[in-house]
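Shown next, in structure tokens, is the structure this report addresses.
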Amino acid sequence: MIGPLSKADLVPAGRAGSERAALAPADALTVRRILKVNHAGEYGAIRIYRAQIAVAKRTCVEVVPQLEHMLEHEIEHCRVFREAMPARSARPCRVMSLWSLGGSVLGFVTAVMGRQTIWTCTAAVEAAVHRHLDDQLHFLRDKDRELYAAILAIREEELSHLRTAESHLRGTTLGGSALRGAISSVTDALIWLSTWGDSSRMAKELKTGAPT
Ligand SMILES: [Fe+2]
Ligand SMILES: [Fe+2]
């Protein structure tokens, strides 16, 4: 049911960053954690969309073209983060299989529950991702211009995914709100765990406007 990994998911590249200043060790570590969690998150997103597409082809085929369009974006995002790793001495998350399994299960379950649940899931994940990308952009602006530019472009596409999902959601039900809250919390927790809490530090910096 879930398709095999595409080459674009996994192809490494060693493009060196030309606009990066030397970073303090703590900042370099945060950059590596940002890359690790973003790459893993895109990997999970690919699995969510693939599972949803597989189910939707049988249950609500009209949503498939939009899901496939978003899947193409996630594959490209995954490639961008993977290619940015070698020049920053970053490595993929060691528990990619968990992100893969979690994404596939979430995609499958939400798709089986129906069209509205597919869009609720997309809205919850994309809103959480968008929030964290904002925090990362604030952190990276003066530290890694190349990665900053890449995330800025990716954030635009994540925002378009969020808007697409919200345009399909009809009203707010208690169950829908609860599901959205739960998926959002799980996404936040996964991001926090994968960055060893750096996501909280970046969010705090963004609020206070100063490094912590
Ligand atoms: Fe993405
Ligand atoms: Fe997305």
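Which one is surrounded by the most Cβ atoms within 10 Å (Cβ to Cβ) among residues in region 135-165 that are within 13 Å of ligand 2 (Cβ to nearest atom) and under 20 Å from A90 (Cα atoms)? Steps first, please.
Keep residues of region 135-165 that are within 13 Å of ligand 2 (Cβ to nearest atom), which gives 151, 153-165.
Those still in the list that are under 20 Å from A90 (Cα atoms) too: 151, 154.
On the way: I151: 24, I154: 20.
Filtering region 135-165 for residues that are within 13 Å of ligand 2 (Cβ to nearest atom) and under 20 Å from A90 (Cα atoms), the one surrounded by the most Cβ atoms within 10 Å (Cβ to Cβ) comes out as I151.
Taking (1) of a type in the set (V, I, T); (2) assigned to a helix (DSSP H, G or I); (3) more than 30 Å from S200 (Cα to Cα); (4) at pLDDT below 95 in turn, T30 satisfies each apart from (3). Scanning region 125-138 for residues that are under 11 Å from the mean Cα position of the chain (by Cα) and hydrophobic (A, V, I, L, M, F, W, C) yields V125, A127, A128, V129, L133. Take region 132-143 and flag every residue that is touching an Asp or Glu at 6+ places or on another chain (Cβ under 8 Å) and among the charged types (D, E, K, R). D135, K143, listed by residue number.
Per-residue answers, yes or no, for (1) out of contact with any Ser or Thr (no Cβ under 8 Å at 6 or more places or on another chain); (2) within 16 Å of ligand 2 (Cβ to nearest atom); (3) among the aromatic types (F, W, Y); (4) more than 21 Å from H161 (Cα to Cα):
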residue: V55; (1), (2), (3), (4): yes, no, no, no
residue: L67; (1), (2), (3), (4): yes, yes, no, no
residue: A87; (1), (2), (3), (4): yes, no, no, yes
residue: W99; (1), (2), (3), (4): yes, yes, yes, no
residue: G103; (1), (2), (3), (4): yes, yes, no, no
residue: T110; (1), (2), (3), (4): no, yes, no, no
residue: T117; (1), (2), (3), (4): no, no, no, no
residue: C121; (1), (2), (3), (4): no, yes, no, no
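Within region 53-67, residues that are of a type in the set (K, R) reach partners that are at pLDDT 95 or above with beta carbons closer than 9 Å, at six or more positions or on different chains, in the pairs K57/V64.
Only one entry of E157, E146, E68 meets the criterion of being touching a helix residue (DSSP H, G or I) at 6+ places or on another chain (Cβ under 9 Å), within 16 Å of ligand 1 (Cβ to nearest atom) and closer than 30 Å to K204 by Cα, and that entry is E157. For the structure I just gave you, tell me whether I151 is within 16 Å of ligand 1 (Cβ to nearest atom) and within 26 Å of V55 (Cα to Cα). Answer is no for this residue. Between F139, F108, the distinction of being of a type in the set (F, W, Y) and at pLDDT 95 or above belongs to F108 only. Scanning region 179-204 for residues that are under 15 Å from A127 (Cα atoms), of a type in the set (A, V, I, L, M) and more than 12 Å from the chain's Cα centre (by Cα) yields L179, A182, I183, V186, A189, A203. Of the residues making up region 80-134, those that are crowded, with 22+ Cβ neighbours inside 10 Å and of a type in the set (V, I, T) are T110, I118, T120, T122, V125, V129.
The values are calculated or read from the model by the stated rules, or taken from the named source; none is laboratory data. From a predicted model like this one, the values you see are computed outputs, not experimental measurements. Cβ atoms come from the backbone with ideal geometry, glycine included; neighbour counts cover every protein chain shown.
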